[in-house]
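K.L.:
One structure coming up, written as structure tokens, with questions to follow.
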Amino acid sequence: MIEQQIEELRAELNACIEPAERREIEAELEIAQAELIMMLGEQDGSIDADPPF
């Protein structure tokens, strides 16, 4: 699901020429990529999602 969202955002970014819209898509893409990294890290155990307290 998140991988598909990332691919769609990349496609939108490649087609976008408006600077403001491009920045918005870049921000959304960065968030989606960070979410994917967190999900993968939680799955393989390299990231502990529990708060430290």
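The values are calculated or read from the model by the stated rules, or taken from the named source; none is laboratory data. Just so you know, these numbers come straight off a predicted model, no measurement behind them. Reconstructed Cβ throughout: ideal geometry from the backbone, glycine too, with neighbour counts over all protein chains shown. Side chains are part of the model used for accessible areas, which takes the heavy atoms of the whole protein and leaves out ligands, DNA and RNA. Shrake-Rupley method; radii C 1.70, N 1.55, O 1.52, S 1.80 Å.
K.L.:
Can you pull the percent of the chain's accessible area that's carbon plus sulfur, 1.4 Å probe, other chains left in place?
P.N.:
Ligands and nucleic acids excluded, carbon and sulfur give 55 percent.
K.L.:
Under the √(5λ) rule applied to the eigenvalues of the Cα gyration tensor, what semi-axes describe the equivalent ellipsoid of the chain? Give them in Å, descending.
P.N.:
Each semi-axis is the square root of five times an eigenvalue, giving 28, 12, 6 Å.
K.L.:
So what's the angle, to the nearest 10 degrees on a 0 to 90 scale, between helix 19-44 and the longest Cα principal axis of the chain?
P.N.:
That works out to roughly 20 degrees.
K.L.:
Roughly how many nanometres apart are two label points built 7 Å out from the Cα toward the Cβ at I17 and I47?
P.N.:
3.6 nm
K.L.:
Tell me, what is the per residue accessible area of the chain in Å², probe radius 1.4 Å?
P.N.:
In whole numbers, the chain has 82 Å² accessible per residue.
K.L.:
Angle check, please: helix 2-15 long axis (alpha carbons) against the longest principal axis of the chain (alpha carbons), in degrees 0 to 90, nearest 10.
P.N.:
Long axis of 2-15 versus the principal axis of the chain: about 20 degrees.
K.L.:
Divide by every residue of the chain the summed helix terms, -39500 (n - 2.57) for each DSSP H run of at least 4, and state the resulting mean residue ellipticity at 222 nm, rounded to the nearest 500 deg cm²/dmol.
P.N.:
After summing the helix terms and dividing by the residues of the chain, the value is -26000 deg cm²/dmol.
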